[in-house]
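Below is one structure; the comments refer to it alone.
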Amino acid sequence: ALWQLAHLTQNAAIFNQYLDLNASFSQATHLQHQLVHHQLIKLGIFFDISCAQSAEVLQMANTQSLFTDHYHWLVLDRNFDFQQLQSSFANAQLLINSELTYVQPKANFSDFILYDLYNKARHLGTPLNITADRQIDCSERGCQVKRYLSDLHLRLRLQNRRYLTGITLRVNAAITSLPADAPEQQIKAFLSSHDDIYRDSYARLGYQTHQVLKDLLDCNYSFIFRDRWTDSELTGGLIGDLINGTVDLTTTAFLYTIGRTKYFKPLTWHSSFRSVCMFRNPRSAGAELRVTEFLEPFSWTVWLMFSALLLFTGFLLWLTFLLERRLQRQAAMETSLLTSCLLSFGAACIQGAWLLPRSTGGRMVFYAIMLTCFLMYNYYTSIVVSTLLGAPPKSSIRTIQQLADSNLEVAVEPTIYTKVYVETSEFADIRSLYRKKILNKDPKRIWLPSEQGVLMVRNNPGFVFIAESASAYVFVRKHYLPHEICELNEILLRDETSANTIIMKTSSFAELFKLCQLRLLETGVHFKHFRYWVRNKLHCYQSNVTVVVGLESAGPLFLLLLAAYVVCLFVLGLELLWHKRQLRQ
């Protein structure tokens, strides 16, 4: 059999190396180096269990955890005994992802029966699984399947082992809205409920999606509840249980940071994670205009040219009226230059004219000025109206450092992950924000519940609330009018990122869990839960907003009108003084 295997590997151009286990086990160091410290993706091992040193090799394989998916074991038993097979591997560290094929040779050593050996969860007390796979016929040319002894060949190796029927997996979950030592049934009832979605959104999302995963695996869960995700990057909370081997799976997703790459591997995308600093635009009573904004639709050059055009038109009208009065020699109202300019200004304001030229040329001049003023008026009003109905101006504060240096009041949502990040982050802008806005402040005004903080933002323009979007946006939709949503300013507390389900790199369930969770993503089951629990986007329906221009917005207009009245009264006073002076003379 060994000669046949050597011949087959040589024909397939496969590198192979043989060690004599009947000799002294002095080659153990070399053997261990070849098996444990190799850099290959997968290593095939042909092992003759009938050799004298086979027990030591099995012991080393158990100690070094070599029965994983990185090794494919082909174990030959020349003196096949089913009882001996069970006794040899009953306590072996076989896993659900083990690839171990046990070979039973026939008398002529040309026919072989292959057995598939694995253990779904030995650390949880499951028994060894031995399944007869196929019978093969081998010759110098190769091996052919003579007959199948089971249906293992119809599916992939992991598909045959996907059901964990009768197994109870150890799972942990985070809970912050209830005490972690509360009765288990009370915690499970809360995590399974669908009301108050702002409470433990991510924890309840993970719990409910993993209930579907439990049905896919056909297993049971034994829960451990913690009051936090982690104390640091790699210790405490849920992540501490994973590293210590206390649990097989966690229902809550984590940010896959650089420090965690050494111990964990990501499985699938779980949810987006977005922490924001929100505050309402201080100019919250609608779109407001400054006095100078009434002149902004046109530049000063355009205004000067338009004024010059009106004066020139007034001068032409005055000449027209003067010529008509002289040439027609008819009794007509004598018009002054000031009256002609007033007619030109009335045309500019689309107010018409109470006096028109009688000649065709004079009327053509008036038509020209009316058409020009009509175009100017429509362009001007369209700019003003679009400014009133357009998106409200946003704040100039765009970064965390600018927020820290501003005079705005800040409050924070007291969720565990947000609080830990604000207090322990090593980024300079976050440290500056913490020292200037949070440290040494009244805790009752700093740490506010989500609903209270969102209402403070609505009622106090310029008040900043730092929260996770999944919990804060629920109350924004509940309490804010559409135009108030459009007036919100947002600054990301940290870059928006994705949270992933993670598992220990050494876990034998990693590939199985990954495939099942990908199945949930592909079928839309996970996204159905995600869209319900995580609200990470606000919709600004600006077109449905009825803009009410209040006194704050119209105030500049009334100021201009008052200033015009003052000027008019001043001119009237000058006229009265001039009239009295003329009477005295």
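Being among the basic types (Lys, Arg), touching a strand residue (DSSP E or B) at 6+ places or on another chain (Cβ under 7 Å) and open to solvent by less than 60 Å² (accessible area, probe 1.4 Å) is a property that Arg161 has. Contact map, region 410-422: first residue over 18 Å from Leu178 (Cα atoms), second residue open to solvent by 40 Å² or more (accessible area, probe 1.4 Å) and in a helix (DSSP H, G or I), Cβ cut-off under 9 Å, separation 6 or more or different chains; pairs are Val410/Lys436; Ala411/Arg445; Ala411/Gln452; Ala411/Met456; Val412/Lys419. Scanning region 408-433 for residues that are over 14 Å from Phe465 (Cα atoms) and either part of a loop (DSSP other than H, G, I, E, B) or among the hydrophobic types (A, V, I, L, M, F, W, C) (or both) yields Ile416, Val420, Ser425, Glu426, Phe427, Ala428, Ile430. I want to confirm something. Restricting to region 89-122 and keeping residues that are out of contact with any strand residue (DSSP E or B) (no Cβ under 9 Å at 6 or more places or on another chain) and under 18 Å from Phe67 (Cβ atoms), which single residue is most open to solvent (accessible area, probe 1.4 Å)? Looking at the filtered set, the residue picked out is Asn91.
Residues of region 227-236 that are open to solvent by less than 50 Å² (accessible area, probe 1.4 Å) and either of a type outside the set (A, V, I, L, M) or modelled with pLDDT of 90 or more (or both): Trp229, Thr230, Gly236.
Checked against the criterion of being touching a strand residue (DSSP E or B) at 6+ places or on another chain (Cβ under 7 Å), among the β-branched types (Val, Ile, Thr) and either on the phi > 0 side of the Ramachandran plot or touching a residue at least 60 places away in the same chain (Cβ under 8 Å) (or both), region 440-452 contains not a single residue that satisfies it.
Of the residues contained in region 184-192, none is found to be open to solvent by 20 Å² or more (accessible area, probe 1.4 Å), among the small types (Gly, Ala, Ser) and not in a helix (DSSP H, G or I). List, please: which pairs have Cβ atoms under 8 Å, are six or more places apart or on different chains, and start with a residue in region 181-204 that is on the phi > 0 side of the Ramachandran plot and end with one that is open to solvent by less than 60 Å² (accessible area, probe 1.4 Å) and in a loop (DSSP other than H, G, I, E, B)? Within 8 Å, the pairs are Asp200/Ile175; Asp200/Ser177. Filtering Gln328, Gln351 for residues that are within 60 Å of the chain's Cα centre (by Cα) and either at pLDDT below 75 or among the basic types (Lys, Arg) (or both) leaves a single hit, Gln351. So for region 490-512 (the condition being farther than 30 Å from His70 by Cβ, part of a helix (DSSP H, G or I) and not basic (Lys, Arg)), does at least one residue qualify? Within region 490-512 (the criterion being farther than 30 Å from His70 by Cβ, part of a helix (DSSP H, G or I) and not basic (Lys, Arg)), the answer is no, since none of the residues qualifies.
Whether a residue is at pLDDT 90 or above, of a type in the set (Lys, Arg), surrounded by 10 or more Cβ atoms within 10 Å (Cβ to Cβ) and under 41 Å from the mean Cα position of the chain (by Cα) was assessed, and Arg519 passes this test. Screening the candidates Ser222, Ser177 for the property of being open to solvent by less than 70 Å² (accessible area, probe 1.4 Å), closer than 25 Å to Phe509 by Cβ and either in contact with a Ser or Thr (Cβ under 6 Å, 6 or more places away or on another chain) or assigned to a loop (DSSP other than H, G, I, E, B) (or both) yields one hit, Ser222. Filtering region 513-540 to residues that are outside any loop (DSSP other than H, G, I, E, B), in contact (Cβ under 8 Å) with a residue 24 or more places away in the chain and either under 25 Å from Ser275 (Cβ atoms) or of a type in the set (Asp, Glu) (or both) leaves Gln517, Leu521, His526, His529, Phe530, Tyr532, Trp533. Just the residues that are outside any helix (DSSP H, G or I) and surrounded by 15 or more Cβ atoms within 10 Å (Cβ to Cβ), please, taken from region 237-262. Matches in region 237-262: Val247, Asp248, Leu249, Thr250, Thr251, Thr252, Ala253, Phe254, Leu255, Tyr256. Suppose the filter is in contact with a Ser or Thr (Cβ under 6 Å, 6 or more places away or on another chain), open to solvent by 10 Å² or more (accessible area, probe 1.4 Å) and either more than 30 Å from Thr235 (Cβ to Cβ) or not aromatic (Phe, Trp, Tyr) (or both); does His529 pass it? Criteria met by His529. Pull up region 63-88, narrow it to residues that are surrounded by 16 or more Cβ atoms within 10 Å (Cβ to Cβ) and among the charged types (D, E, K, R), then point me to the one that is nearest to Arg157 (Cα to Cα). Here the answer is Asp69. Here Ser406 fulfils each of the conditions (1) touching a residue at least 60 places away in the same chain (Cβ under 8 Å); (2) open to solvent by less than 60 Å² (accessible area, probe 1.4 Å); (3) polar (S, T, N, Q) apart from (1). Here Met60 meets each of (1) under 26 Å from Val145 (Cβ atoms); (2) open to solvent by less than 60 Å² (accessible area, probe 1.4 Å) with one exception, condition (1).
Of all residues in region 558-573, those that are at pLDDT below 85 have Cβ atoms under 8 Å from Cβ atoms of residues that are surrounded by 10 or more Cβ atoms within 10 Å (Cβ to Cβ), 6 or more apart or on another chain, in Leu559/Val291; Leu560/Val291; Leu560/Phe294. Taken over region 493-508, the residue count meeting the criterion of being surrounded by 15 or more Cβ atoms within 10 Å (Cβ to Cβ), of a type outside the set (Lys, Arg) and touching a strand residue (DSSP E or B) at 6+ places or on another chain (Cβ under 7 Å) is 8. Would you confirm whether any residue within region 368-383 is more than 29 Å from the chain's Cα centre (by Cα), open to solvent by less than 30 Å² (accessible area, probe 1.4 Å) and farther than 30 Å from Ala499 by Cβ? Taking every residue of region 368-383 in turn, at least one turns out to be more than 29 Å from the chain's Cα centre (by Cα), open to solvent by less than 30 Å² (accessible area, probe 1.4 Å) and farther than 30 Å from Ala499 by Cβ. Based on what the data block shows, is Arg477 in contact (Cβ under 8 Å) with a residue 24 or more places away in the chain, outside any strand (DSSP E or B) and in contact with a helix residue (DSSP H, G or I) (Cβ under 9 Å, 6 or more places away or on another chain)? Answer is yes for this residue. The set of residues in region 423-437 that are open to solvent by less than 70 Å² (accessible area, probe 1.4 Å) and at pLDDT 90 or above comprises Asp429, Ile430, Arg431, Ser432, Leu433, Tyr434, Lys437.
Within region 304-318, the residues that satisfy the criterion of being open to solvent by less than 60 Å² (accessible area, probe 1.4 Å) and of a type outside the set (S, T, N, Q) are Phe306, Ala308, Leu310, Gly314, Leu316, Leu317.
The values are calculated or read from the model by the stated rules, or taken from the named source; none is laboratory data. Since the model is a prediction, treat every value here as computed from it, not as a measurement. Please note: Cβ atoms are built from the backbone with ideal geometry, for glycine as well, and neighbour counts cover all protein chains shown. Ligands, DNA and RNA are excluded from the accessible area calculation, which covers all protein heavy atoms including side chains. Shrake-Rupley method; radii C 1.70, N 1.55, O 1.52, S 1.80 Å.
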